[in-house]
Amino acid sequence: MTGWRGWLVRLPLALGLAACTASPTATSPNNSPAPSKSAASAIAKPPPGPPKINGVTWVTQSTVRGEIAASVAILGNGSAALWLNPRVLKFRFIPGVQYPENSPLLPADTKPSTWVGQFVAAFNGGYKLSDRVGGYFYANTTVQRLQNGYASLVISKQGSMAVGVWGRDFSSTTGLVAVRQNLTPLVVDGRSMAKVTDGIRTWGIPARNQVYVNRSALGQLIDGSLVYVFLHNGRAYDLGRELVHLGVRTAINLDMNGGWPAAFTYSHSGGKVSGRRISSAVFHGPDIYYDRPLKDFVVALPR
């Protein structure tokens, strides 16, 4: 196997991740996760920064050990993107107070001091499980069955995060602490799956059946780095176009409507934390993740 596809397939082995030998339908915690060409959980060499693509301008928000850790790009019309470097960051999934429904908790989940004192960035999770968006696995518990073909945000016990398709890029939960599914993938192999002709509820239930609402998604680039996009008052079609424009290979749709989509970067000085919205159109302030809100979220910490 040659070219970028072969290089990405070899990444899991170079990074100590087990290659998959399990059946694509297996979801037992006794099997091994299977990152493949579009879902590497980290990168062999640290990127110098966000990709310079399509004229997008990134502004560095934080560094870790001298490397760019988080950068923000303003996309226009109130939308923005957050680039995260998995080489210097580790990630934690934290269930909300009410959602995902019936979620187990790890002891640290109830202790905000375990993330607030050092987090670099944070962003929202997905829809309610009751909206039939796919499965959910957390803390060695399958809360809702993981479904093949669904977009999956996975976080390993070592803090690596990846985005892929269950049954294609991952097929089991061994070595993972969290798998959050949220509909079928919005972007696959660099192509948006959303169409301008999609029905109003194809990619989630918009508040009051509005066509244009706040949306969010997390995508993975060919180098393994991650991009979160906050879309202000748009359609899933617009969100997919933005992700592809940013070079995303695979993307999972995240929460939508009003104040649910929310992402921030943080800095620390003198024992105090200071947060910044990635866009002024984000409804909530950065203190929403100083404790557990109603819904799940992801935090990025120095690796």
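The values are calculated or read from the model by the stated rules, or taken from the named source; none is laboratory data. Everything numeric in this text was worked out from a predicted model, so none of it was measured. Cβ coordinates were reconstructed from backbone atoms using ideal geometry, including for glycine residues, and neighbour counts include every protein chain displayed.
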In the stretch 180-205, anything more than 30 Å from LEU105 (Cβ to Cβ), of a type in the set (A, V, I, L, M, F, W, C) and either without any contact (Cβ under 8 Å) to a residue 12 or more places away in the chain or part of a loop (DSSP other than H, G, I, E, B) (or both) is listed as MET193, ALA194, VAL196, ILE200
Can you pull out every residue in the stretch 146-179 that is touching a Gly at 6+ places or on another chain (Cβ under 7 Å) and not in a strand (DSSP E or B)? LEU146, GLN147, ASN148, GLY149, TYR150, LYS157, GLY167
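Given the residues PHE123, PHE137, PHE93, PHE119, which is the only one that is aromatic (Phe, Trp, Tyr) and out of contact with any Lys or Arg (no Cβ under 9 Å at 6 or more places or on another chain)?
Values: PHE137 fails: out of contact with any Lys or Arg (no Cβ under 9 Å at 6 or more places or on another chain); PHE93 fails: out of contact with any Lys or Arg (no Cβ under 9 Å at 6 or more places or on another chain); PHE119 fails: out of contact with any Lys or Arg (no Cβ under 9 Å at 6 or more places or on another chain).
On inspection, the qualifying residue turns out to be PHE123.
If I filter the stretch 212-224 down to residues being assigned to a strand (DSSP E or B), among the aliphatic types (A, V, I, L, M) and touching a Lys or Arg at 6+ places or on another chain (Cβ under 9 Å), which single residue comes out as nearest to GLY285 (Cα to Cα)?
Keep residues of the stretch 212-224 that are assigned to a strand (DSSP E or B), which gives 213-221.
Going one step further and asking which of them are among the aliphatic types (A, V, I, L, M), we end up with 213, 217-218, 221.
Within this subset, residues satisfying the condition of being touching a Lys or Arg at 6+ places or on another chain (Cβ under 9 Å) are 213, 221.
On the way: VAL213: 19, LEU221: 28 Å.
Step by step, filter the stretch 212-224, then rank; the result is VAL213.
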Looking across the stretch 185-223 at residues that are touching a strand residue (DSSP E or B) at 6+ places or on another chain (Cβ under 8 Å) and at positive phi, the single one that is surrounded by the fewest Cβ atoms within 10 Å (Cβ to Cβ) is ASP189
Which members of the stretch 46-64 meet the condition of being free of Cβ contacts under 8 Å to residues at least 60 places away in the same chain and closer than 23 Å to GLN118 by Cα? PRO46, PRO48, GLY49, TRP58, VAL59, THR60, THR63
Only one of ALA263, ALA281, ALA251 is in contact with a His (Cβ under 6 Å, 6 or more places away or on another chain), of a type outside the set (Phe, Trp, Tyr) and in contact (Cβ under 8 Å) with a residue 60 or more places away in the chain; which? ALA281
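In this structure, is ASP189 at pLDDT 95 or above and among the acidic types (Asp, Glu)?
Details: at pLDDT 95 or above: yes; among the acidic types (Asp, Glu): yes.
Criteria met by ASP189.
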